[in-house]
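Right, one structure below, let's go through it.
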Amino acid sequence: MTEVPSPDLRIGDNDRESALKALGEHLSAGRLDLDEYGDRSAKVTAARTPRDLAELFADLPEPHPVFEKPAGAVEKKPDRPPRQWSDRPLPQRVAAAAVPFLWVAAIVLAFATSTWWWIAMPFVFTAAASNFWGSDWEKHRHGNHGRRDRRR
């Protein structure tokens, strides 16, 4: 069985239908004969709590009934999937793709002209682009999706 809620909570029609479906699978697999299936089905329809259903499946392997979540149970929302590269604005994608080429160009120019300040070009470009796009430039890279890390 999936997680059994509190064994004393009342069950609903969907829980009973799930139990009847599971019993039907056990009947078709030959684990139950027709008389035993009839007896257990009658007990399923009379069951009031998850404990009543669990007793009917105690001697049977999977499948077991699947219980619904109780009303008022809070489901955890799944995290938003990471932002795709294609979701970013075109200028941001072009700027990000240009950074590796700027490094190559900076190294070639630094050796060709014997001036070291060309190496600063990728740093300046990255800082300017990061300032232009703000926190969006880095936030999805770290997986925080815009939420601040409050563990400090």
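The values are calculated or read from the model by the stated rules, or taken from the named source; none is laboratory data. Just so it is clear, the model here is predicted, and its values are computed rather than measured. These accessible areas exclude ligands, DNA and RNA; they are computed on the full protein's heavy atoms, side chains included. Shrake-Rupley method; radii C 1.70, N 1.55, O 1.52, S 1.80 Å.
Structure values in brief
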{"quantity": "Calculated SAXS-style log₁₀ I(q)/I(0) at q = 0.29 Å⁻¹ - the stretch 12-58, Debye, Cα scatterers", "calculated": "-1.13"}
{"quantity": "Accessible area (Å², 1.4 Å probe, nearest 10) - Phe123", "calculated": "130"}
{"quantity": "Whole-Hz ³J(HN,Hα) from phi, Karplus 6.51 cos²θ - 1.76 cosθ + 1.60, for the stretch 112-124, glycine and proline x", "calculated": "5, 9, 6, 10, 6, 5, 4, 5, 6, 4, x, 5, 5"}
